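The values are calculated or read from the model by the stated rules, or taken from the named source; none is laboratory data. These figures come from a predicted structure and were not determined experimentally. Using ideal geometry, Cβ is built from the backbone for each residue, glycine included, and neighbour counts are taken over all protein chains shown.
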Amino acid sequence: MSSELMAVYNRAPVEVERGEGVWLHARDGRVFLDCVAGIATNSLGHAHPALVAALTEQAHKLWHVSNIFRIPGQEELAHRLVENSFADVVFFGNSGSEAVECALKTARKYHAANGQPERIDIFGFASSFHGRTYAAVSASGNPAYLDGFGPRLPGYHQLVIDDAAAIEEAIRQPTAAAVIVEPVQGEGGARALDEAWLRRVRDLCSETGTLLIYDEVQCGMGRTGKLFAHQWFDGVEPDIMAVAKALGGGFPVGACLSTAAAAKGMVVGTHGSTFGGNPLAMAVGKAAFDLIASAATLDNVRTIAARLHDGLRSLAAHYPDIAVDVRGKGLLIGVKLIPNNREMMATARDHGLLVAGGGDNCVRLLPSLLMTGAEADEALKRLEQAFAATRAAVAEAA
């Protein structure tokens, strides 16, 4: 059947209807254990009662007024974020791409405000993903997202994570403005950067006056078992950070966090958003933040993550013809495969399990932070069934 929707998505053959916790119900009656969670977005599961209540209550009061007025919910959520992070100030947008866009503009504006407008170079990394706006895809540098849209924006360059010499040379350039990196890569194959790497880049940025931007759109907000992924290590804090996805528990909201020093150029009129920080988003964001930042939720993430990582390593050992590596951090988990990952996604779906794709031929598990032990075991069981079915199909084809 033809569609009037722009054909930019390769959609799975599932018509979703409703969700509850980790379970997603399709219109045809099928029920799936959801380890995609809106790509790490429905961090508290589907239709969490506290988020539904917050949204419903606010919907009866006020939806949108524009940022020409003070919106108390913004100040309240900004306080929560600042109180629990390196940051001094926050800008609210509607998505991760907008949060990244603000971060990139903030970095360049900082140098201009310091009398160094020539410092415009932004250094990203191969296999990164920062969103779909023109600046975000320029920072990522993925040809699949750039081809056909004209040249990359000037001043955007790509490095390789493992090329320490090139990274140092780039940061020491007199035109360097900022480095942007995901402490745990999401789309790039669930690669977690270690303490030594982050500390080296932090030290180089501090030495040269280059700003360090963390993109924690996917790996932040409790996903790794800390509120923010970089908080596993002391002394590697960024100057600017982008968060989104889980920040609204499924409701569209993004935020750019910054130190006061890094944001010195962001004065009245330099940036803005029509819908960013609207009352509905702030109401849900506050409710989501309080649940995600709780000790109980973060403890659960660490417990369930250990259970899943152990189970996946066991699966990989039993299916060395299928899985060759288990990677990631917390509940941002990647399994590198030998068979095509897209085919495995479909096979898993046939066995009632939804998993996401990822770079380096990985499938990713990004479940609710509130997943139970029994639900984790069920996810492992269904993934094993998918592995076994794939092995059987290969044997039959041979």
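Filtering Ile292, Ile240 for residues that are buried (at least 24 other Cβ atoms within 10 Å of the Cβ) and either touching a Ser or Thr at 6+ places or on another chain (Cβ under 7 Å) or acidic (Asp, Glu) (or both) leaves a single hit, Ile240.
Looking at Ile213, is it out of contact with any helix residue (DSSP H, G or I) (no Cβ under 7 Å at 6 or more places or on another chain) and under 23 Å from Val243 (Cβ atoms)?
Values: out of contact with any helix residue (DSSP H, G or I) (no Cβ under 7 Å at 6 or more places or on another chain): no; under 23 Å from Val243 (Cβ atoms): yes.
It is false that Ile213 is out of contact with any helix residue (DSSP H, G or I) (no Cβ under 7 Å at 6 or more places or on another chain) and under 23 Å from Val243 (Cβ atoms).
Under 7 Å by Cβ, and 6 or more places apart or on different chains, what pairs join a residue from segment 210-222 that is in contact (Cβ under 8 Å) with a residue 60 or more places away in the chain with one that is hydroxyl-bearing (Ser, Thr, Tyr)? Listed pairs, sorted by first residue: Leu211/Tyr110; Met221/Ser43; Gly222/Ser43; Gly222/Thr297. As for segment 149-164, it holds at least one residue that is assigned to a helix (DSSP H, G or I) and of a type in the set (Gly, Ala, Ser).
Filter segment 341-398 for residues that are buried (at least 21 other Cβ atoms within 10 Å of the Cβ), assigned to a loop (DSSP other than H, G, I, E, B) and of a type in the set (A, V, I, L, M) and give the result. Matches in segment 341-398: Val355, Leu366, Leu369, Met371.
Each row is one residue, and each column tells you yes or no for (1) touching a strand residue (DSSP E or B) at 6+ places or on another chain (Cβ under 9 Å); (2) under 30 Å from Arg199 (Cβ atoms).
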position	(1), (2)
Val236	yes, yes
Ala244	yes, yes
Phe251	no, no
Gly254	yes, yes
Val268	no, no
Phe275	yes, no
Pro279	no, no
Gly285	yes, no
Asp290	no, no
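Of all the criteria given as (1) surrounded by fewer than 24 Cβ atoms within 10 Å (Cβ to Cβ); (2) at pLDDT below 95, the one not satisfied by Gln185 is (1). Applying the selection to segment 3-36, what residues are assigned to a strand (DSSP E or B) and basic (Lys, Arg)? Within segment 3-36, Arg18 is the sole residue that qualifies. Any residue that is part of a loop (DSSP other than H, G, I, E, B) and basic (Lys, Arg) - is there at least one of those in segment 86-106? No, the conditions are met nowhere in segment 86-106. Residues of segment 44-64 that are surrounded by fewer than 14 Cβ atoms within 10 Å (Cβ to Cβ), over 30 Å from His351 (Cα atoms) and either at pLDDT below 95 or not hydrophobic (A, V, I, L, M, F, W, C) (or both): Thr56, Glu57, His60, Lys61, His64. Among the criteria (1) surrounded by 13 or more Cβ atoms within 10 Å (Cβ to Cβ); (2) without any contact (Cβ under 8 Å) to a residue 12 or more places away in the chain; (3) of a type outside the set (Val, Ile, Thr), the one Glu83 does not fulfil is (1). Please state which of the following conditions Tyr145 fails to meet, knowing it meets all the rest: (1) surrounded by fewer than 20 Cβ atoms within 10 Å (Cβ to Cβ); (2) in a loop (DSSP other than H, G, I, E, B); (3) modelled with pLDDT under 95. In the conditions (1) surrounded by fewer than 20 Cβ atoms within 10 Å (Cβ to Cβ); (2) in a loop (DSSP other than H, G, I, E, B); (3) modelled with pLDDT under 95, Tyr145 misses (2) alone. One residue stands out in segment 1-43 among those that are among the aliphatic types (A, V, I, L, M) and free of Cβ contacts under 8 Å to residues at least 60 places away in the same chain: the one that is surrounded by the fewest Cβ atoms within 10 Å (Cβ to Cβ), namely Met1. When Thr41 is tested against the conditions (1) modelled with pLDDT of 95 or more; (2) over 22 Å from the mean Cα position of the chain (by Cα), the lone failure is (2).
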